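Chemist: Have a look at the structure that comes next, please.
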Amino acid sequence: MASLKQSARQLAQKWLPRSTRHRLGQLGQWPPVGLVRYGNLRRLRPISDDWGSRRGLPIDRYYIEQFLAQHTADIQGRVLEVKDRSYTVRFGGEQVTHSDVLHKVAGNPEATIVADLTAVPPTLPAATFDAIICTQTLQFVYDVKTAVSTLYYSLKPGGVLLITLPAISQISRYDMEQWGDYWRFTSLAVRLLLQEQCPEAEIQVGAYGNVLTAVASLHGIASSELRRHELDTFDPDYEFLIAARVRRPEATE
């Protein structure tokens, strides 16, 4: 049988035109090579350049809200959030006794704390917060190791740090020009980073997304424009967003 196939291949190479040999070689693939239809995606500029905000809820925010909804019990007591307190209010509610907002530079009217996560020694207060919400922020910090160490330093014993980070994403032009857009992550990189900077912590790392949600987000398509099963299907080879929960151990006597 093997010799028969080899003979047929040799005859085809000798007598069939090159274009025909190429098409025969693509049998079994769908869609065949050259027949992919790009439709509205065949363009050099995205459909929307704001992650889909003008079209609805961005896909990364769909996953971030799903992650925070799974950890509402952690968002309690004194809570620190970066840039504004929207997630503290939405997912913490009456469990929150004090809400702080962190910003790197003065001028944010919602900020109650102006501090640089990479300052040494830390400018955030030590062992102060029961929960810290840090979504889509660490990609804008070049010294990401010091930033993670500082956030962990600011947790009370028993406190929880909730972090999300991009794995596949467009550049944020505003942040690039303000302070820089440096990093995209994998779940492995995040796990090793947290284990290194928070060695005694309880750490959980997960990921969301698939090739469709990655492509859709890069084009600025909103989450409402995809089906629920398309959003909720996870492909580990196409991590789109990384999420982590870090719990500082309770104080020991």
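The values are calculated or read from the model by the stated rules, or taken from the named source; none is laboratory data. A quick note: this is a predicted structure, and the numbers were derived from the prediction, not measured. Glycine also receives a Cβ, built like all others from the backbone with ideal geometry; neighbour counts cover every protein chain displayed.
Chemist: Among the listed residues ALA216, ALA251, ALA207, which satisfies the condition of being touching a residue at least 24 places away in the same chain (Cβ under 8 Å) and more than 15 Å from the chain's Cα centre (by Cα)?
Modeler: ALA251
Chemist: Of all residues in region 76-97 being touching a Phe, Trp or Tyr at 6+ places or on another chain (Cβ under 9 Å) and of a type outside the set (Val, Ile, Thr), which is farthest from THR135 (Cα to Cα)?
Modeler: GLY77
Chemist: Restricting attention to region 165-223, which residues are closer than 18 Å to SER149 by Cα, crowded, with 19+ Cβ neighbours inside 10 Å and among the β-branched types (Val, Ile, Thr)?
Modeler: Scanning region 165-223 gives VAL190, VAL205.
Chemist: Filtering region 65-103 down to residues that are assigned to a helix (DSSP H, G or I) and in contact (Cβ under 8 Å) with a residue 60 or more places away in the chain, which residue is farthest from TYR153 (Cα to Cα)?
Modeler: Among residues in region 65-103 that are assigned to a helix (DSSP H, G or I) and in contact (Cβ under 8 Å) with a residue 60 or more places away in the chain, the one farthest from TYR153 (Cα to Cα) is GLN66.
Chemist: Out of the helices (runs of 4 or more DSSP H) lying entirely within region 154-253, which hold 1 or more residues that are closer than 23 Å to ALA131 by Cα and at pLDDT 95 or above?
Modeler: So the answer is 187-197.
Chemist: Exactly one condition in (1) among the charged types (D, E, K, R); (2) out of contact with any His (no Cβ under 7 Å at 6 or more places or on another chain); (3) more than 19 Å from GLN170 (Cα to Cα) is false for ASP237; which is it?
Modeler: (3)
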